[in-house]
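Nothing in this text is a laboratory measurement; each read-out follows from the coordinates by a stated rule. Keep in mind that what you see is a predicted model, and the values were worked out from it rather than measured. Here Cβ is always computed from backbone atoms with ideal geometry, including for glycine, and neighbour counts include all displayed protein chains.
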Amino acid sequence: MLFLTELTFLKHLARRFNINTPQYLEWPAARYDLKDFMDRANNKALAKADILTGSRGKGGAVVNINSTTEATKELTKLSTAYLKEKQARTAYLVEYIPQKCEVFTAITYDSLSCSPVITISLHGGVDIESLDSSKKRSFVVENIYNGIDAYQVGGWLGSLKCPKEMISKLAVAIVSLWDMFISCGFMSCEVNPWRITKENKVIACDFKATLDSNNFRQNNLGFDLPEYPEDVSDFEEEMNAWNNSSYQGQAHVSEIPQKATKKRKKDNFDEQNICNGVLPILFGGGASLIVTDTLIKCGGDPLFLSDFGGNPPYERMKKSMEICLRHHLKDAGVLLILGGKANNTRIDVTFKAISDAIHEYAYLRKGRTIPVIIGRGGPQLINGILTIKETLEELEWPYAIFGHDTPISMVAEYTASLYKFIKRNPKALRSLNKHFKGEF
Amino acid sequence: MRAKKITDFLTKNDRVAVSNITGREACSVSINSQRYGQNIIGGWALGKGGNFIKVPGKKSIPVFSDYGDLLNKLPEEIQPNKIVIYSPPNAVYGEVKNIIRHTKSNTNNGLQNKVETIYIITENVSVEVSAKIYHLAQDNNIDVVGCNTLGIISPHDKVRIGAIGGDSPWSSILPGSATIISNSGNMVNTIASYLKGAGIGVRYGISTGKDKLILTSIKDYLKLALNDRKTKLIMLYVEPGGLYELDAVNYLKSIKTSKPIIVYIGGSFTQKMGNVKLGHAGAVVEGFGTSFSDKVEIFDNYFNVPPFKRRYHRNIKVTRGFRIEVLHDLPMAARFIFDSKNLKRDFNEYRPPRLNPWLKNFGELGKLIPPKIQLPEGHAPEPYAKQLRKVNADKFGKMALRRNMKNASHVAALDGKNLRIYGRRVSNQMQHGSFISTMFLTWTGFTPKYDFEVKLLESVMIGLLTNGANGLTAQAAKLTASAGGTPLNAMISSLSCMGNDYSSSSYRAIKFLIDKFHELDSYEIDVYDSNNSKIISNLAQKAAREFGLYKVNAEDNLDSYEKVPGIGHPLFKDATRNVDPRCQVIFDYLFNNNIYHGFINFYQQLVEFLFLERITPNQLAINIDGVAAAICAGIFWERLCEKKITKKRVYNIPLLMFAFARVLGGTGEYLDHFDYGTPLDMVEDAQHIKQLTIFDNED
């Protein structure tokens, strides 16, 4: 999923879809421009951090500004703000819009009706979850092909007892938001709040959206999505790019936040003994969830989430494995290669690819030796496990190979206990790595 | 929803058509599905019309150029009613529109609407397209399963759609009374194997798909499974994301049912994560009901009993079912439900799940691991054990991993101070080793294990040095000397005289010996243990008879035949029992030192049996290169069984020994000839040359 923030909306989308927005100025800016902006905004503005997280107001990433000096100070600070483990990309100023009313709108897809749904509340500007259900309502877009028109939205607003003088302009604004939603391939978008001025002008005062990466329209936005610092790790970034390069076989990984696994970073002495978790090469979405669940419950500290199922061809699997080893072999205690009984994935192909990757990237580059636990079932299983066995024998890596008669959750439980032993006994890892000389 | 009963999703009478059927995955899955159920009437793929997909032992699947072509060419009675879509994501919407356009045109022409269900296997279809497909299909009274489903299986009818059950659905999913409804296709298989442990088979296995939008919801499947008479238990596997479970439980609360449900909810860790990106893209916030903890709460409230534990109290009255927290508790949980409800299980229980390593080798690490995390001894069940044995046997010897060997060597290394061969210091070998063992080390990476092996090698190398001044290798060296060549030319000349018909016997001999011994049922024997002499004697007798049969057949057909390599010396052939005196030295050494040598003994027995069974007119002599091959085979056998050396290298060593010795012998002839011979003394007088070509002198 890709995210869009308010600043991207202000810069690229609002004008294209005729949505009124406050004036804005992106940091860094010359003092002359800042002064000019503050003059136009009657010295009342908001400084905001451009950051990929919600609750910016509560987190101190939105600050009221009353002077140019204050603006410079706050924008400098906010442009490097850190909130909810995310870092700001930059900061910007928006003019303050006085309002007589605030409205919440969100468009998303509803899993029950399989249709887009527009949620509207005339009590905007607060967390929508905190609102009583009587104060918000969701309207299903009955016909996804025709979309919605202002009369339909007008009817919805009327049913919410929206003041009549606001209905027309608000309905047009919501239709514009729908146009943007459907034309840009969004999965969801939210304007909270729309501020309605005394003159009944409707202005979008905050915005966020998620793009559906599977929707071809998101490739044709007409501008490049900005890159946010530390959004993803190098590992995730490389694997995502690799995953997106083909639809044959999956190469999905996600780093796991430390709070989820209770793991401590590099808590083990010297480089040779770093043992931060289990390196999981998992197959199948369901199996990945179950194995990761079990590993975490049993103290197995998976280094990331993974799913390499979907019958990956040899080259696909080999490179996926290479990327994992390159980024994570150095801090892994156990390598876990695990999936259920495959329906369609050819085990001989995936295991040959994994074996070759281990051989080339772990052995030839003098990487460390770690024990390997394998569990799998499926087509061409025996050829697959004998291939990987021979490689591990050749490299003298300790291993245990299970078939599909041992439940994946039991294999994960065992892997966690082996990992915990290795983590607590640096001697064990050292005995395997007598010739290891650090980074490879 | 069009389906009124669960069988409407799949029965044996369905006629399935597959889009993009020549694609890598679609093709292999369709072949297995056809072998299982023979329900695929055809498929289509752009530009591939007119082809057939061959299905071993079953009817081939015709391929059409597009869906319209398929409808036009197939007779009315086998027009498809189920469609499987394997097209790439950006083509899925087009395929569905096309199918519906044809369906509409059928309806307009007064024909029956044939298509009942569309299964979309394709992953990564956008949410917008999924929503559009849903409405389009609903408007035309067609059910859609997916997107990103793995399909459905009905083991009772022995049919499936998609890939559930893998390449052998008949063995992995047995017919029974549990309907599995799973967000994950792979988990249908896994759950089926757990239930098998409790003696429960599968009525239907359904993969719902786990995209953001699931186009046939869990509630719809549940309704059908609850109404299905043959379903006694419903097993749900769900993941975070979507309101489907909330919707389903609200439905369950609104009806009265005594049919038990077991639920497993995966993804507890997703609570602490923002954007989980696995194959399943369901983790989207829609308020209460979507997260892991919400789903746990929803089901636990509905069941009104605590989740199942391994020591679940018998007094707990389970009416609606329960949630399980650990998936491998499923067999126990299912057994509990069946017993408490007095339901009859479908078949006898299979062995309950346990840690069963098929293969393991923890090496040095194994000595450090405490007993409680030591793995038990395990074994692969049949038919895998048999396959393992077979493949293992086929892969006799080490399978070397290939790599770019430019500027790389396992053999020699200089670590700044010491010169090493395969890691061993040359200085140590010079002090404590012998030339022959170091030569062996250089060629193989190890030295012979026993002293007698070194002695045998040395003896046989002496025996191989020469076979007389008239031998080809010696003659070649002498020709070089006569021509005024250098000793290096002589060495190459000797080597040049070795070929398929001269000197390669040792290569063929060791290959023959290794292949014969590998034919033994338990080939991993100690070839130096005299207790195995009976086995080896039987093997020799068998080999003799096989050769006899082969020879007779060849002679009957007036064909030439290949002789047994390593026996039948051209010089020692006239006595009733022939022996090469060089080999006799080796035999005497073994006898005097009370050493049993399986391979030499095999040869001795073989020549005797060949004679006794009258396959050869007299007892042939074992050649010196045969003995050399047997000695090498003895040294290598244990390492071959342990897969520590490749067969290819093993075959080459006796040949190298032969060549090396003969080059030494040849250079001896060169040095002698160079000192005492006259220039060009090897030139043959022209009158001794027979002119075989007739020619006209005037030409």
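Which residues' amide hydrogens lie under 5 Å from the amide hydrogen of residue B:643, considering only partners 5 or more residues apart or on another chain, with H built in the peptide plane?
B:397
Please report, in whole Å, how far the alpha carbons of the stretch B:1-151 spread along each principal axis, starting with the longest.
40, 36, 32
Select from B:304, B:208, B:290 the residue farthest towards the positive end of the dipole of the stretch B:173-354; place +1 on Cβ of Lys and Arg, -1 on Cβ of Asp and Glu, and compute about the Cα centre.
B:304
Starting at the first residue of the stretch B:299-310, write each ³J(HN,Hα) from the Karplus equation 6.51 cos²θ - 1.76 cosθ + 1.60 with θ = phi - 60°, in whole Hz, x for Gly and Pro.
Once θ is set to phi - 60°, the couplings for the stretch B:299-310 become 6, 4, 5, 5, 5, 6, 9, x, x, 5, 10, 4 Hz.
Taking the Cα atoms of the stretch A:130-176, what is the range of coordinates along each of the three principal axes, in descending order and whole Å?
Extents along the principal axes: 32, 23, 16 Å.
Setting aside same-chain residues fewer than 8 positions from residue A:169, which aspartates and glutamates have a Cα under 19 Å from its Cα?
Here the aspartates and glutamates satisfying the reach criterion relative to residue A:169 are A:102, A:149, A:179, A:190, A:199, A:206.
Could you list the trypsin sites (Lys or Arg not before Pro) in the stretch B:355-456 that lie in coil according to DSSP, counting only those with at most 10 other Cβ atoms within 10 Å of their Cβ?
Details: sites: B:360, B:367, B:372, B:386, B:389, B:390, B:395, B:398, B:402, B:403, B:406, B:417, B:420, B:424, B:425, B:449, B:455; in loops: B:395, B:398, B:402, B:403, B:406, B:417, B:449.
Filter output for the stretch B:355-456: B:402, B:406, B:417.
Based on the Cβ-Cβ distance of residue B:367 and residue B:546, what FRET efficiency does E = 1/(1 + (r/R0)^6) give at R0 = 60 Å, to the nearest 0.05? Numbers along the way, then the final one.
On the way: r = 46 Å, r/R0 = 0.77.
Plugging the Cβ-Cβ distance into 1/(1 + (r/R0)^6) gives 0.85.
In the stretch B:637-699, what chymotrypsin sites (Phe, Trp or Tyr not before Pro) fall in a loop by DSSP, with at most 11 other Cβ atoms inside 10 Å?
On the way: sites: B:637, B:651, B:658, B:660, B:670, B:674, B:676, B:695; in loops: B:695.
Those satisfying the criteria are B:695.
Hey, which lysines would be in cross-link range of residue B:417, C-alpha to C-alpha under 27 Å, not counting anything within fewer than 8 residues on its own chain?
Filter leaves A:366, A:434, A:437, B:406.
Over the Cα atoms of chain A, what is the Rg over Rh ratio if Rh follows Kirkwood?
Values: Rg = 26.8 Å, Rh = 24.9 Å.
Rg/Rh for chain A comes to 1.07.
Using the 10 angstrom Cβ neighbour count as an exposure proxy, how do B:638, B:382, B:546 rank, fewest first? It would help to have the intermediate numbers written out before the result.
Numbers: B:638 16, B:382 8, B:546 12.
The fewest-first ordering by Cβ neighbours comes to B:382, B:546, B:638.
How shielded is A:44-53 by partner chains, expressed as the average number of their Cβ atoms within 10 Å of its Cβ atoms? Can you show the working numbers first?
Details: counts 0, 0, 0, 0, 0, 0, 0, 0, 1, 1.
Average neighbour count from other chains, rounded to a whole number: 0.
So what are the stretch A:101-220's ellipsoid semi-axes, whole angstrom, largest first, if each one is the square root of 5 times an eigenvalue of the alpha-carbon gyration tensor? All intermediate terms of the calculation are to be shown ahead of the outcome.
Values: eigenvalues 102, 45, 44 Å².
Three semi-axes, in Å: 23, 15, 15.
The stretch B:472-676: Rg/Rh from Cα coordinates, Kirkwood Rh?
Working: Rg = 18.8 Å, Rh = 18.4 Å.
Taking Rh as the inverse mean 1/r over Cα pairs, Rg/Rh reads 1.02.
How are the Cα pair distances of the stretch A:296-353 distributed, in percent, across 10 Å bins from 0?
Spelled out per bin, shortest first, that is 19, 50, 29, 2.
List the residues whose amide H sits under 5 Å from the amide H of residue A:109, counting only those 5 or more places along or on another chain, with H placed 1.01 Å from N in the peptide plane.
A:117
In whole Hz and in residue order, list the ³J(HN,Hα) couplings for the stretch B:324-337 that follow from phi through the Karplus curve 6.51 cos²θ - 1.76 cosθ + 1.60, θ = phi - 60°; x for Gly and Pro.
With the stated coefficients, the stretch B:324-337 comes to 10, 9, 10, 5, 6, 7, 4, x, 5, 5, 5, 4, 4, 5 Hz.
Calculate the translational D of the stretch B:173-354 in whole µm² s⁻¹ from Stokes-Einstein, where the hydrodynamic radius comes from the Kirkwood formula applied to all Cα pairs, the temperature is 4 °C and the viscosity 1.567 mPa s. Let's see the in-between values first.
Working: Rh = 16.4 Å.
Approximately 79 µm²/s, per Stokes-Einstein.
Which values, in whole Å and largest first, are the semi-axes of the equivalent ellipsoid of chain B obtained as the square root of 5 times each eigenvalue of the Cα gyration tensor?
On the way: eigenvalues 1060, 221, 131 Å².
Semi-axis lengths for chain B are 73, 33, 26 Å.
Please determine, in degrees from 0 to 90 and to the nearest 10, the orientation of helix B:435-444 with respect to the longest principal axis defined by the Cα atoms of chain B, where the helix direction is its Cα long axis.
In chain B, helix B:435-444 runs at an angle near 30 degrees to the longest axis.
Past 20 Å, Cα to Cα: identify those pairs from B:360/B:643; B:59/B:386; A:58/A:198; B:386/B:534; B:386/B:542; B:104/B:210, in the order given. Write down the numbers at each step before the final one.
Details: B:360/B:643 15 Å; B:59/B:386 30 Å; A:58/A:198 27 Å; B:386/B:534 27 Å; B:386/B:542 25 Å; B:104/B:210 29 Å.
Beyond 20 Å: B:59/B:386; A:58/A:198; B:386/B:534; B:386/B:542; B:104/B:210.
Can you tell me the convex hull volume per residue for the protein assembly as shown, based on C-alpha atoms, in Å³ to the nearest whole number?
Details: hull volume 332.8 nm³, N = 1139.
Per residue, the Cα convex hull of the protein assembly as shown comes to 292 Å³.
Once amide H atoms are built 1.01 Å from N in the peptide plane, which residues 5 or more positions from residue B:144, or in another chain, come under 5 Å H to H?
B:118
At a Cα cut-off below 14 Å, give the aspartates and glutamates reachable from residue B:516, other chains included and same-chain residues fewer than 8 away excluded.
List returned: B:394, B:524, B:546.
Can you give the charge dipole size of the stretch B:372-460 about its Cα centre, rounded to the nearest 20 debye, using +1 on the beta carbon of Lys and Arg and -1 on the beta carbon of Asp and Glu? Don't skip to the end; give the middle numbers.
Numbers: 15 positive and 7 negative charges, 82 e Å.
Using Cβ point charges on Lys, Arg, Asp and Glu, the stretch B:372-460 gives about 400 debye.
By DSSP, what percent of the beta bridges with both residues in the protein assembly as shown are antiparallel, rounded to the nearest 5?
Numbers: 67 of 123 bridges.
Among the beta bridges of the protein assembly as shown, antiparallel pairing accounts for roughly 55 percent.
Using θ = phi - 60° and the Karplus form 6.51 cos²θ - 1.76 cosθ + 1.60, what ³J(HN,Hα) does each residue of the stretch A:95-101 get, whole Hz, x for Gly and Pro?
Residue by residue, the stretch A:95-101 yields 5, 6, 10, x, 9, 9, 7 Hz.
Report the FRET efficiency, 1/(1 + (r/R0)^6), for residue B:271 and residue A:126, where r is their Cβ-Cβ distance and R0 is 41 Å, rounded to 0.05. Spell out each step's value before the answer.
Working: r = 25 Å, r/R0 = 0.60.
With a Förster radius of 41 Å, E is 0.95.
Tell me the Rg and the Dmax, in Å, that the Cα atoms of the stretch B:1-61 produce.
Radius of gyration, then largest Cα-Cα span, for the stretch B:1-61: 12.7, 38 Å.
I need the calculated FRET efficiency for the pair residue A:69 and residue A:16, taking r as the beta carbon distance and R₀ as 35 Å, to the nearest 0.05. Spell out each step's value before the answer.
Numbers: r = 35 Å, r/R0 = 0.99.
E(calc), rounded to 0.05, equals 0.50.
Two decimals, Cα atoms only, Kirkwood Rh: what is Rg/Rh over the stretch A:287-405?
Numbers: Rg = 13.3 Å, Rh = 14.4 Å.
Rg divided by Rh gives 0.93.
Taking a label point 7 Å from the Cα of residue A:198 along the Cα→Cβ vector, which residues of the stretch A:98-117 have an amide N closer than 13 Å to it?
A:98-101
Please rank B:190, B:117, fewest neighbouring Cβ atoms within 10 Å first, as an exposure proxy. Mind dumping the intermediate values first?
Details: B:190 29, B:117 23.
Lowest count first: B:117, B:190.
Relative to the longest principal axis of the C-alpha atoms of chain B, give the angle of the C-alpha long axis of helix B:581-592, reported between 0 and 90° and rounded to the nearest 10°.
70 degrees
For the Cα atoms of chain B, what angle does the longest principal axis make with the long axis of helix B:505-518, in degrees from 0 to 90, nearest 10?
That helix lies at roughly 40 degrees to the long axis.
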